[in-house]
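Have a look at the structure below, then the notes.
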Amino acid sequence: GEESGNLVPDDVESLLTTSAQLIGAMVDASRSLGKKARERKQLEEQLQLQQSMEGIFNYAAILVDRSGRIQYVTAPFMELVGRRQDDLIGLSLVNLLEASAPLSISEALAQAAETGSSLQCTGRLRSKGQQRQVVDIKVYPESNPEGVVSSFGIRLLPASRVSAMSRGTSLRANLLQGMRHGAPREQLIEKMIRLVE
């Protein structure tokens with residue numbers, strides 16, 4: 001108001017002390033809540049990653065970074081290529097997968113990152129004794145909290161284990177493999193008929 005009031009100096013000092021204590025308590029509470037929110041978010045992200053990884057443990061699957069370097073491999077993948085985890089971590093995926101159809105592995109990663117959606121292609125995987133087997137490849141882009149694709153989950157399925165829904169891919173892959181290895185045309189036709197049946 002317009003009239004001056006009476007303030008006792010002792011009351012002002014105690015009010016300032018109480019205010020400082022309240023502000024300190026509010027700041028501490030705010031920090032604590034922020035820390036708990038960050039911890040909760042990290043836990044949710046870890047659980048989400050664990051759930052997505054659990055889904056691929058039974059498959060030959062790998063996790064690669066944007067440059068295509070291997071970060072993680074599942075046991076079925078190690079069995080498929082006949083190599084230890086230590087030999088695979090940090091290795092470029094291009095050293096294991098040959099050009100795939102209709103895209104090369106580098107093109108597949110770039111396209112998956114650009115679209116932000118999974119895609120499927122066929123390739124040949126170098127396994128034990130430098131043998132090459134035809135595999136179906138499924139690429140899953142993984143985004144960071146900012147929405148930028150930071151890594152890729154890749155699942156590989158040998159063409160011999162492809163489900164009935166993917167018989168077209170299996171047929172194409174088997175015939176391509178036969179042609180590359182110089183199989184006689186009659187043998188390829190018989191193989192095609194068996195696969196279609």
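Scanning region 76-98 for residues that are within 12 Å of V64 (Cα to Cα) and of a type outside the set (A, V, I, L, M), which turns out surrounded by the fewest Cβ atoms within 10 Å (Cβ to Cβ)? Looking at the filtered set, the residue picked out is G90. Residues of region 137-163 that are open to solvent by less than 20 Å² (accessible area, probe 1.4 Å), aliphatic (A, V, I, L, M), at pLDDT 80 or above and closer than 18 Å to P76 by Cβ: I137, V139, I154, L156.
Cβ-Cβ distances below 8 Å connect the following pairs, each with a first residue in region 52-81 that is assigned to a helix (DSSP H, G or I) and among the β-branched types (V, I, T), a second residue that is crowded, with 20+ Cβ neighbours inside 10 Å and at pLDDT 85 or above, and a separation of six or more residues or different chains: V81/L96; V81/L125.
State which residue is nearest to Q71 (Cα to Cα) when the search covers only region 99-136 and only residues that are of a type in the set (D, E) and open to solvent by 40 Å² or more (accessible area, probe 1.4 Å). Result: E107. A Cβ distance below 6 Å, combined with a sequence gap of six or more or placement on separate chains, defines the contacts here; from region 110-124, residues that are under 18 Å from A159 (Cβ atoms) reach residues that are among the charged types (D, E, K, R) and assigned to a strand (DSSP E or B) in the pairs Q120/K138; T122/D136; R124/R132.
The values are calculated or read from the model by the stated rules, or taken from the named source; none is laboratory data. Please read all numbers here as calculations on a predicted model, not as lab measurements. Cβ atoms come from the backbone with ideal geometry, glycine included; neighbour counts cover every protein chain shown. Just the protein is used for accessible areas: all its heavy atoms, side chains included, with ligands, DNA and RNA removed. Shrake-Rupley method; radii C 1.70, N 1.55, O 1.52, S 1.80 Å.
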